[in-house]
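Worksheet: one structure, shown below.
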Amino acid sequence: MHHARATLNSIFATTAHRAAGEQAPVITWPLVCGPKIAQRTSALAYVNGELAVRVPDKLWRNELQSLSDRYVAALNQMSRQQVKSIRFVAPECG
């Protein structure tokens, strides 16, 4: 099973790189975070090794920030572009 996952990740990385080039981490985000989180978040941009992700509020930002190392590792397995960090962006409240 591990071999199949590695093969699928490699195929996806190649496809994402061809389709999005430098923005591959943006299109990879929904696969890395999973469908439930992808419904509530969206990758905005990838610049200089940082992926910016919009989140619904500060609570989501804090929760996902605690998981950012896991997400960075997964993004780097699925994308040819090196992701160094994720910046979770919450709307300003009031």
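Count the net charge of all other residues whose Cβ sits under 11 Å from the Cβ of residue 53, scoring Lys and Arg as +1 and Asp and Glu as -1. Its environment carries a net charge of +3. With the simple model of a label 7 Å out from the Cα in the direction of the Cβ, residue 85 to residue 70 spans 2.1 nm.
Between residue 47 and residue 77, the modelled labels are 3.0 nm apart [label points 7 Å from Cα along Cα→Cβ]. For region 18-58, the equivalent ellipsoid derived from the alpha-carbon gyration tensor has semi-axes of 18, 13, 6 Å in decreasing order.
Scanning residues 5 or more positions from residue 90 or on other chains, those with amide H under 5 Å from its amide H are 55, with H placed 1.01 Å from N in the peptide plane.
Laboratory data are not the source of any read-out in this text; all were calculated from the coordinates shown. From a predicted model like this one, the values you see are computed outputs, not experimental measurements. When we count neighbours, we look across all protein chains shown, and the Cβ atoms used for this are built from the backbone with ideal geometry, even at glycine.
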